[in-house]
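To keep things clear, I will list the structure first and then write my remarks on it.
The values are calculated or read from the model by the stated rules, or taken from the named source; none is laboratory data. Quantities reported herein were computed from a predicted structural model and do not represent experimental measurements. So basically every Cβ, Gly included, is an ideal-geometry build from the backbone, and we count neighbours across all protein chains shown.
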Amino acid sequence: MSLSLSLPAPSSDPLAELRRIFRNSLTSAHTKRAYIAAFNQFFTLAAESGRSVSRALLMEYRAQMIDRGLSASTINVRLSAIRKLISEARENNLLDPLEAARILTVPGVPLRGVRLGHWLTPREAKRLLAIPDRRTLIGKRTFAILSVLVYCALRREELSRLEMRHIQKREGRWVIADLIGKRGRVRTVPIPSAAKVALDEWLAAADIESGFLFRQLLKSGRVLTAPIGAWSVWKSVVTASRIAGIQHLGPHDLRRSSAKFCRKAGGDIEQIQELLGHEDISTTVLYLGTKQEIRNAVNDRIAL
């Protein structure tokens, strides 16, 4: 049944098939959760109103989110999910191409200003790295996790999936080779010596020579073969940051901070884009926080 003509009930096969196709088109677990939630909300609205999928319906969904006071970034993520859905429906002949083209013209919500985010200062980064007790096995693992995040700017999902095969020598230096990141993008990440020392310390203590780098630990100290999850990476960062007296810090803030440290050290913005694995350099600019320098604000230099 064509979704542009009549909407199937939420429990019917056509909608379930579309949900399956849509889910299979997504790679990131985090993206799947966010996009499937938007999918369900959109079709709940359609079912309740008894209307078919159309540009007018998506505009109504957009208006409802604005009325609920959702942030522009949240609304735009959900609209992106529906655009992705419409594209998949069109490619699978579930939606008329002309109607799909009209739906895809629904605009996002303008962002007012730039979200500040959280960047560490070099002093805070040093304080954070000094927290793990490197005399213990779990302390060595935590130190290695923090070091790789700070120096290599990985996403927490990327770090949790690292394997020994990724650690290679390229052009005379150690790198994380052929790392598959967001949207399947492949990149090679240089490993600074400080991060390599932390990694080697953990790998030697855990007796890891193959398989996953960061593994689950039992209370007895036994190292399992199973990798840690992204949640464990998050918990390691949050626990260490609280002890260090740094509030509201997560793994992605270390990725953002790493980018800014690179820029402050004179790094080329295109190279930082490659390090982070961004498709669009405008995303890298947001990570760098170069739109507005808070600690060294330009208006502080005004002398009247």
Checklist outcome for this item: Selection from segment 17-28 of residues assigned to a helix (DSSP H, G or I) and of a type in the set (V, I, T) yields I21
Next on the checklist: So D200 passes all but one of these: (1) surrounded by fewer than 21 Cβ atoms within 10 Å (Cβ to Cβ); (2) under 15 Å from the mean Cα position of the chain (by Cα); (3) under 24 Å from A130 (Cα atoms). Which condition number does it fail?
Outcome noted: (2)
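Tell me, please, whether a residue that is in the same structural domain as C262 (by TED's automatic domain parsing) and over 16 Å from S258 (Cβ atoms) can be found in segment 189-197.
From segment 189-197, those in the same structural domain as C262 (by TED's automatic domain parsing) are 189-197; that's our starting set.
Filter again for over 16 Å from S258 (Cβ atoms), leaving 197.
Among the residues of segment 189-197, at least one is in the same structural domain as C262 (by TED's automatic domain parsing) and over 16 Å from S258 (Cβ atoms), which makes the answer yes.
Show me the helices (runs of 4 or more DSSP H) found entirely inside segment 29-146 where at least 2 residues are among the aromatic types (F, W, Y). Steps first, please.
Values: elements: 29-49, 55-67, 72-91, 97-103, 122-129.
Result: 29-49.
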Item to check | Condition broken by W231, with the remaining ones in (1) modelled with pLDDT of 95 or more; (2) in a helix (DSSP H, G or I) satisfied | outcome: (1)
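Would you be able to tell me the number of residues in segment 41-53 that are more than 10 Å from L15 (Cβ to Cβ) and out of contact with any Leu (no Cβ under 6 Å at 6 or more places or on another chain)?
Going through segment 41-53, the residues more than 10 Å from L15 (Cβ to Cβ) turn out to be 41-42, 44-45, 48-53.
Keeping just the survivors that are out of contact with any Leu (no Cβ under 6 Å at 6 or more places or on another chain) gives 41-42, 44-45, 48-50.
Of the residues in segment 41-53, 7 are more than 10 Å from L15 (Cβ to Cβ) and out of contact with any Leu (no Cβ under 6 Å at 6 or more places or on another chain).
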Item to check | In segment 69-93, residue farthest from the chain's Cα centre (by Cα) [restricted to those that are among the hydrophobic types (A, V, I, L, M, F, W, C) and buried (at least 17 other Cβ atoms within 10 Å of the Cβ)] | outcome: A89
Checklist outcome for this item: Quick count over segment 147-197, residues being in contact (Cβ under 8 Å) with a residue 12 or more places away in the chain, basic (K, R) and part of a strand (DSSP E or B), is 3
Next on the checklist: What's the total number of residues in segment 181-196 that are out of contact with any helix residue (DSSP H, G or I) (no Cβ under 8 Å at 6 or more places or on another chain) and loosely packed, with under 15 Cβ neighbours inside 10 Å?
Outcome noted: 5
Checklist entry - Does segment 4-15 contain at least one residue that is touching a Ser or Thr at 6+ places or on another chain (Cβ under 8 Å) and either modelled with pLDDT of 85 or more or surrounded by 15 or more Cβ atoms within 10 Å (Cβ to Cβ) (or both)? => result yes
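Might you let me know whether segment 172-183 holds any residue that is assigned by TED's automatic domain parsing to the domain that holds L275, among the acidic types (D, E), within 28 Å of A29 (Cα to Cα) and at pLDDT below 95? Talk me through it step by step, then tell me what you get.
Of segment 172-183, the ones assigned by TED's automatic domain parsing to the domain that holds L275 are 172-183.
In the following step, the residues that additionally are among the acidic types (D, E) were identified as 178.
Subsequent filtering for residues that are within 28 Å of A29 (Cα to Cα) retains 178.
Add one more test, that the residue is at pLDDT below 95, and what stays is 178.
Among the residues of segment 172-183, at least one is assigned by TED's automatic domain parsing to the domain that holds L275, among the acidic types (D, E), within 28 Å of A29 (Cα to Cα) and at pLDDT below 95, which makes the answer yes.
Scan segment 25-43 and give yes if some residue there is more than 30 Å from G181 (Cβ to Cβ) and either at pLDDT below 85 or out of contact with any strand residue (DSSP E or B) (no Cβ under 8 Å at 6 or more places or on another chain) (or both), otherwise no.
Here is the first cut: in segment 25-43, the ones more than 30 Å from G181 (Cβ to Cβ) are 43.
Subsequent filtering for residues that are either at pLDDT below 85 or out of contact with any strand residue (DSSP E or B) (no Cβ under 8 Å at 6 or more places or on another chain) (or both) retains 43.
Looking through segment 25-43, at least one residue is more than 30 Å from G181 (Cβ to Cβ) and either at pLDDT below 85 or out of contact with any strand residue (DSSP E or B) (no Cβ under 8 Å at 6 or more places or on another chain) (or both).
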